[in-house]
Amino acid sequence: MRSMPSSDMVSLISFLAVLLIFFSIDVRSRDSAASKPWQASLFEWSSRIGGVATAFSLALGWVDLFLPDDSTVIHVMFVAGPGSLAVLCAIVLGLEMLWQREDPS
């Protein structure tokens, strides 16, 4: 895997910060009822998992930003792995609109 220069890491950190705000708003707007359909539980948990993965990736990216460029303490995969999981969870939450439409009756 290629090394990531600081300018690309800043762009990735900015994207992850916006994604973290999205997950935090989404988690706060959900109610945790005991009996839910399976898709409601899926979307609730993907919001939680995505938030944790985003926070982890953002923290590692932030630390890596201040390390020297020739340092290999934090590999790019440690930032890209949880970040990719967070993006996957965001895509799943985007698909939520297909299942969670309320009946207008």
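The values are calculated or read from the model by the stated rules, or taken from the named source; none is laboratory data. What you are looking at is a predicted structure, and each value in this text was computed from that prediction instead of being measured. Note: ideal-geometry Cβ built from the backbone for every residue, glycine included; neighbour counts use all protein chains shown. Areas reflect the complete protein model, heavy atoms only, side chains present, ligands, DNA and RNA absent. Shrake-Rupley method; radii C 1.70, N 1.55, O 1.52, S 1.80 Å.
Couple of notes before you dig in:
- Qualifying residue in the range 79-93 (condition: at pLDDT below 90 and open to solvent by 60 Å² or more (accessible area, probe 1.4 Å)): no
- Search result, residues across the range 4-52 that are open to solvent by less than 50 Å² (accessible area, probe 1.4 Å), among the aromatic types (F, W, Y) and without any contact (Cβ under 8 Å) to a residue 24 or more places away in the chain: none
- Residue within the range 42-60 that is out of contact with any Gly (no Cβ under 6 Å at 6 or more places or on another chain) and more than 30 Å from L98 (Cα to Cα) present: yes
- Pick from the range 53-73, criterion hydrophobic (A, V, I, L, M, F, W, C) and crowded, with 17+ Cβ neighbours inside 10 Å, ranking: farthest from L93 (Cα to Cα): L60
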